[in-house]
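K.L.:
Okay, handing you the structure first.
The values are calculated or read from the model by the stated rules, or taken from the named source; none is laboratory data. Note that this is a predicted model, so its numbers are computed, not measured. Just so you know, the surface numbers come from the protein's heavy atoms only, side chains and all, with ligands and any DNA or RNA stripped out. Shrake-Rupley method; radii C 1.70, N 1.55, O 1.52, S 1.80 Å.
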Amino acid sequence: SATRKACGLQALMVDGVAALLASRVDVLAFNRIVGLGVERPATKEMLEALTQAYLDAAVPRHFVQVPPHAEPDTLPAWLAARGYEPYNHWVKLWRGPEDLPPAPDGVVVEEVTAPVANAFAEICTGAFGFPGNMGSWMAEGVGAPGWHHYLARCDGEPAGVAALFIGSDVGWFSFAGTRQGFRGRGAQRALIARRLRDGVAAGCRWFVTETAAERAGQPGQSC
């Protein structure tokens, strides 16, 4: 789409490793290498091909997410030799469909449709400080196959948003953000409860999400 081109969005697979690129969006979450050394041991040739993809796309910066079980053990040293430095830690969370949490009182959650897609995008980009050109891309994703987008309201006011992607029997939680003036009022707890129930109804056996570990001066935007 024109929006994807405006953001320079690409998704590449190199020997089973995913490379996400957004050459016109300087946000690391959209410029990262995922799965290196997981399905098969990484090689220096594989790392060279991935790094070259970012150079060719003129991406200003990107990162490589290295899980604890990535192989070979020399992978961190290879990355260091190419100039990569530790940046932060991301946490992967998962659970099954048992013991679903109750929805908190005072929060109403609705599934987002096209007429309010821009409101979803505005809250999400605002919560994470994403550049404005990401908003149109996020709005275009509402209604895409497998995707479910949600809006939480507190006292009738839009407070927070979140998304659920269902693939086979796995539900992936993403794009969870809350407006600053509404944080701590249960919007994300309500959105988690709704997504879990919708996922279970759709046959999900597992739910997965990820988040960057909080650092001093950088609290989570999904609270």
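K.L.:
Amide H of A42 versus every other amide H placed in the peptide plane: which residues, excluding those fewer than 5 positions away on the same chain, fall under 5 Å?
P.N.:
Correct list: G37, E71.
K.L.:
Looking at (1) 91, 41, 35; (2) 88, 39, 28; (3) 53, 39, 37, which value of Cα extents along the principal axes in Å comes from a calculation on the structure shown?
P.N.:
The calculated read-out lines up with (3).
K.L.:
Averaged per residue, what accessible area in Å² does the stretch 33-99 show with a 1.4 Å probe, protein chains only?
P.N.:
67 Å²
K.L.:
May I ask for the distance between the Cα centers of the stretch 42-75 and the stretch 131-193, given as a whole number of Å?
P.N.:
30 Å
K.L.:
Just to be sure I understand the rule: take each whole DSSP H helix in the chain, project its Cα atoms onto its long axis, keep it if the span is 15 Å or more and its mean Kyte-Doolittle hydropathy is at least 0.0. Which ones pass?
P.N.:
117-128
K.L.:
Share of antiparallel DSSP beta bridges in the chain, in percent to the nearest 5?
P.N.:
The answer is about 85 percent antiparallel.
K.L.:
While we're looking at this one, here's another question. State, as an integer percentage, the relative contact order of the chain based on alpha-carbon contacts under 8 Å between residues 6 or more apart.
P.N.:
18 percent
K.L.:
Something else now. In a Gaussian network model over the chain where Cα atoms closer than 10 Å are linked, find which of E85, E140, E111 has the largest mean-square fluctuation.
P.N.:
Highest fluctuation of the listed residues: E85.
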